[in-house]
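Engineer: One structure coming up, written as structure tokens, with questions to follow.
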Amino acid sequence: MINWGIIGASTIAKQWMINAINHCTDSQVVALLSQSPERGKAFQEQFQIQRIYSNLHEFLAHPDLDVVYIGTTNEYHHPQTLASASAQKHVLCEKPLALSLSDAKQMVEACSTAGVVMGTNHHLRNAVTHRKLRQLIQENAIGEPLAVRVFHAVMLPPHLQTWRINNPNAGAGVILDITVHDTDTLRFILDDEVESVIATSSTQGLGQHGIDDSVMGVMKFHRGTLAQFHDSFVIGHAGTGLEIHGTEASLFATDVMTQRPIGSIMLRRNDHIEPIELPPPYNLYERAVHSFNQAVLGNGQPAATDHDGLQSLAVALAVKQSADTHQMIRVQYA
């Protein structure tokens, strides 16, 4: 049994991660670290967690702790990952890995030096819809991909309208919260890397202190594919989706940029529209946990690796720079 500890009594931990870890037959949550004694106690009672901590080093000293899931706000990912690696704990970290590429690289290097597995919690690539899109492109179902359109503009739920829209020190804003997910999803589906970006952002009703709550832009991939994206915290009626247009056909994926295992895919060639049969859906986070558990046991790698987290962060930072400077930015991975 692989014993997990949760850092941060967060919404994602409560709604998705703890249940996903406990649902897997080879893992369980045994400890939680929270700065709020009240939230920690509530989590302990709801999920029957053995021990609740308020001190990081005491938490990491919990007997038999194998894996740490870091679900705190973005500015804490770096120090908490370094401490976890130093304590010889495997790390699954929320996206974005850090607020700077240098900090993220230091996190990756620390885990590598410690000989522990590190992954990034990019959940979308675990969806059957996105995995099917990747398969179809690899099978040349649409020919050469030329253009992509991503619709990831949603209404941020009231209970999440906190640091994401008002705390610059935590990496607030739609780009580090949503565009970073778009990046990983497109990298996964297209099996390609982003070369350059151009973007513009705006504050359209929720963002405070000049924090962007909406962004539009274009990513150019190394093989020439252009990807248009619209990400927002203030659009309540659009739904989400993804279109991939190739030399031979187009794919239309509806309601797929979501945590829930839903969505459908249609293939269009000329005037013929064909629904794509999908495997049975499964919980995205359960697949992420299962893959991570297997990596800890020496079988494969996490669904999204530390390298994937570095790449998506580099692109998101380039998007932010482009929006701030009104210039096209070449992505700096080094």
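The values are calculated or read from the model by the stated rules, or taken from the named source; none is laboratory data. What you see is a predicted model, and the numbers here were worked out from it, not measured in a lab. Quick reminder, even Gly has a Cβ in these numbers, built from the backbone with ideal geometry, and neighbours come from all protein chains shown. We work out accessible area using only protein heavy atoms, side chains counted, and drop any ligands, DNA or RNA first. Shrake-Rupley method; radii C 1.70, N 1.55, O 1.52, S 1.80 Å.
Engineer: For segment 143-247, list log₁₀ I(q)/I(0) at each q in 0.11, 0.14, 0.20 Å⁻¹, using the Debye formula over Cα point scatterers of equal strength and ignoring solvent, two decimals each.
Structural biologist: -0.35, -0.54, -0.97
Engineer: Quickly rank 156-164, 68-76 as a protection proxy: mean count of other C-beta atoms within 10 Å, highest first.
Structural biologist: Details: 156-164: 14.0, 68-76: 21.9.
The packing order, highest mean first, is 68-76, 156-164.
Engineer: Here's something else I'd like to know. What is the magnitude of the charge dipole of the chain about its Cα centre, with +1 placed on the Cβ of each Lys and Arg, -1 on the Cβ of each Asp and Glu, and no other charges, expressed in debye to the nearest 20?
Structural biologist: Using only the charged Cβ atoms, the result is roughly 220 debye.
Engineer: Given the peptides 185-194, 240-249, arrange them by the average over their residues of other C-beta atoms within 10 Å, most packed first.
Structural biologist: 185-194, 240-249
Engineer: Separate question: Taking the Cα centroid of segment 79-122 and of segment 281-310, what is the distance between the two, rounded to the nearest whole Å?
Structural biologist: If you average the Cα positions of each part, the centres end up 15 Å apart.
Engineer: Then there's this: Grab the eigenvalues of the alpha-carbon gyration tensor for segment 40-124, scale each by 5, take roots, and send me the semi-axes largest first in whole angstrom.
Structural biologist: In descending order the semi-axes read 22, 15, 11 Å.
Engineer: Over all directions, average the projected area of the Cα convex hull of segment 216-322 and note it in nm².
Structural biologist: So the Cα hull casts an average projection of 9.5 nm².
Engineer: Now a separate question. Tell me, what is the FRET efficiency for Glu45 and Gln138 to the nearest 0.05, using R0 = 56 angstrom and their Cβ-Cβ distance as r?
Structural biologist: 0.75
Engineer: Here's another thing I want to ask about it. What percentage of the solvent-accessible surface of the chain, computed with a 1.4 Å probe over protein heavy atoms, is contributed by carbon and sulfur atoms?
Structural biologist: Working: 7000 of 14360 Å².
Percent of accessible area from carbon and sulfur atoms in the chain: 49.
Engineer: Still on this model: What Kirkwood hydrodynamic radius, in Å, does segment 68-170 give when the mean of 1/r is taken over all pairs of distinct Cα atoms and then inverted? Provide the component values of the computation, followed by the final result.
Structural biologist: Working: mean 1/r = 0.0615 Å⁻¹.
Result for segment 68-170, one decimal place: 16.2 Å.
Engineer: Next up: Tyr333: accessible area at probe 1.4 Å, nearest 10 Å²?
Structural biologist: The accessible area of Tyr333 comes to roughly 60 Å².
Engineer: What net charge do the residues around Asp64 carry, taking every other residue with its C-beta under 14 Å from that of Asp64, with Lys and Arg at +1 and Asp and Glu at -1?
Structural biologist: Value of the local net charge: +1.
Engineer: Turning to a different aspect of this structure: Could you give the accessible area per residue of the chain, probe 1.4 Å, as a whole number in Å²?
Structural biologist: It amounts to 43 Å² per residue over the chain.
Engineer: Once R0 is set to 25 Å, what does the formula 1/(1 + (r/R0)^6) return for the Cβ-Cβ distance between Glu75 and Gln332, expressed as a FRET efficiency to the nearest 0.05?
Structural biologist: Values: r = 21 Å, r/R0 = 0.85.
After rounding to 0.05, the efficiency reads 0.70.
Engineer: Starting from the eigenvalues of the Cα gyration tensor, five times each then square-rooted, give me the equivalent ellipsoid semi-axes of segment 12-83, largest first, whole Å.
Structural biologist: Those come to 18, 14, 13 Å.
Engineer: At 1.567 mPa s and 4 °C, plugging the Kirkwood radius over alpha-carbon pairs of the chain into Stokes-Einstein gives what diffusion coefficient in µm²/s? Provide the component values of the computation, followed by the final result.
Structural biologist: Details: Rh = 20.3 Å.
Reported coefficient: 64 µm²/s.
Engineer: Between segment 131-145 and segment 151-210, what's the alpha-carbon centroid distance in Å?
Structural biologist: Using only Cα atoms, the two centres lie 26 Å from each other.
Engineer: So, by mean Cβ neighbours within 10 angstrom, what's the order for 313-319, 279-285 with the highest one leading?
Structural biologist: Per-residue Cβ counts within 10 Å, averaged per peptide and sorted highest first, yield 313-319, 279-285.
Engineer: Further, regarding this structure: With springs connecting C-alpha atoms under 10 Å apart, model the chain as a Gaussian network and identify which of Thr129, Thr183, Thr25 has the largest mean-square fluctuation.
Structural biologist: Thr25
Engineer: I need the calculated FRET efficiency for the pair Leu278 and Ser112, taking r as the beta carbon distance and R₀ as 30 Å, to the nearest 0.05.
Structural biologist: Efficiency, rounded to the nearest 0.05: 0.25.
Engineer: Can you show me the helix-derived [θ] at 222 nm for the chain, built from DSSP H runs with n ≥ 4 at -39,500 (n - 2.57) apiece and divided by the number of residues, rounded to the nearest 500.
Structural biologist: Result for the chain, helices only: -9500 deg cm²/dmol.
Engineer: Quick one: check the C-alpha center-to-center distance for segment 1-75 versus segment 225-262, whole angstrom.
Structural biologist: Computed from Cα coordinates, the inter-centre distance equals 33 Å.
Engineer: How big is the Rg/Rh ratio for segment 124-194, C-alpha atoms only, Rh by Kirkwood, two decimals?
Structural biologist: Result: Rg/Rh = 1.08.
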